[in-house]
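Student: Sending over a structure as structure tokens; questions will come in a sec.
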Amino acid sequence: MSETTLLESRLSKVEQDNQRLKLALGALLLALAAVPLIGAVMPEQIPDVVQARRFEVIDENGTLRTLMDGKTIAYLDENRVTRSQLYVDGFFYSDASGNVVWNAPER
């Protein structure tokens, strides 16, 4: 085999390998692009009922701001002081120090 023939066969093999790599990369990119589309097509699963003994809402700093249980709904400030509370027997509102400013018992 001459040097030219050897060089041509090696170049042909490199071109074939290059073509295979392009096809494999294209297939991989197509598969990766299909994954988000499949997720977008799937319907949202919304539960019919959510049950818990207590619900808590925290802010972006991790501070408890609202809580709700079987007897109370309370709103807290950034210092975790209960500012207002609706409970079984009535409602109250307090100032920043936690002193009750207004209390309305249920009639």
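Student: Against the definition (at pLDDT 90 or above, over 21 Å from the mean Cα position of the chain (by Cα) and not in a strand (DSSP E or B)), how does R107 come out, yes or no?
Tutor: Taking the combined requirement at face value, the residue does not satisfy it.
Student: Against the definition (modelled with pLDDT of 90 or more and in contact with a Lys or Arg (Cβ under 7 Å, 6 or more places away or on another chain)), how does L23 come out, yes or no?
Tutor: Considered against the rule, which asks whether it is modelled with pLDDT of 90 or more and in contact with a Lys or Arg (Cβ under 7 Å, 6 or more places away or on another chain), L23 comes out as no.
Student: Which condition does P43 not pass, out of (1) on the phi < 0 side of the Ramachandran plot; (2) more than 22 Å from the chain's Cα centre (by Cα), if it passes all the others?
Tutor: (2)
Student: The conditions are (1) at pLDDT below 85; (2) open to solvent by 90 Å² or more (accessible area, probe 1.4 Å), and F91 fails exactly one of them. Which is it?
Tutor: Tallying (1) at pLDDT below 85; (2) open to solvent by 90 Å² or more (accessible area, probe 1.4 Å), F91 fails exactly one: (2).
Student: Another one. Scanning for something surrounded by 10 or more Cβ atoms within 10 Å (Cβ to Cβ), free of Cβ contacts under 8 Å to residues at least 24 places away in the same chain and in a strand (DSSP E or B), does segment 45-56 turn up at least one residue?
Tutor: Taking every residue of segment 45-56 in turn, at least one turns out to be surrounded by 10 or more Cβ atoms within 10 Å (Cβ to Cβ), free of Cβ contacts under 8 Å to residues at least 24 places away in the same chain and in a strand (DSSP E or B).
Student: Looking only at segment 82-100, which residues are in contact with a Ser or Thr (Cβ under 9 Å, 6 or more places away or on another chain) and assigned to a strand (DSSP E or B)?
Tutor: T82, R83, S84, Q85, L86, Y87, F91, F92, Y93, S94, V100 - these are the residues of segment 82-100 that are in contact with a Ser or Thr (Cβ under 9 Å, 6 or more places away or on another chain) and assigned to a strand (DSSP E or B).
Student: I've got another one for you. Of everything in segment 1-24, what is outside any helix (DSSP H, G or I) and open to solvent by 80 Å² or more (accessible area, probe 1.4 Å)? Give them in sequence order.
Tutor: The answer is M1, and nothing else.
Student: For V35, indicate whether it is out of contact with any helix residue (DSSP H, G or I) (no Cβ under 6 Å at 6 or more places or on another chain), part of a loop (DSSP other than H, G, I, E, B), of a type in the set (V, I, T) and exposed (fewer than 10 other Cβ atoms within 10 Å of the Cβ).
Tutor: For V35, the condition - out of contact with any helix residue (DSSP H, G or I) (no Cβ under 6 Å at 6 or more places or on another chain), part of a loop (DSSP other than H, G, I, E, B), of a type in the set (V, I, T) and exposed (fewer than 10 other Cβ atoms within 10 Å of the Cβ) - is not met.
Student: Please pick out the residue among V57, V14 that is in contact with a Ser or Thr (Cβ under 6 Å, 6 or more places away or on another chain) and modelled with pLDDT of 90 or more.
Tutor: Just one listed residue meets the conditions, V57.
Student: Residues of segment 62-88 being open to solvent by less than 30 Å² (accessible area, probe 1.4 Å), closer than 17 Å to V100 by Cβ and not polar (S, T, N, Q), which ones?
Tutor: A74, L76, D77
The values are calculated or read from the model by the stated rules, or taken from the named source; none is laboratory data. Since the structure is predicted, the reported quantities are computational estimates derived from the model, not experimental observations. So basically every Cβ, Gly included, is an ideal-geometry build from the backbone, and we count neighbours across all protein chains shown. These area figures cover heavy atoms from the full protein model, side chains too; ligands, DNA and RNA do not enter into them. Shrake-Rupley method; radii C 1.70, N 1.55, O 1.52, S 1.80 Å.
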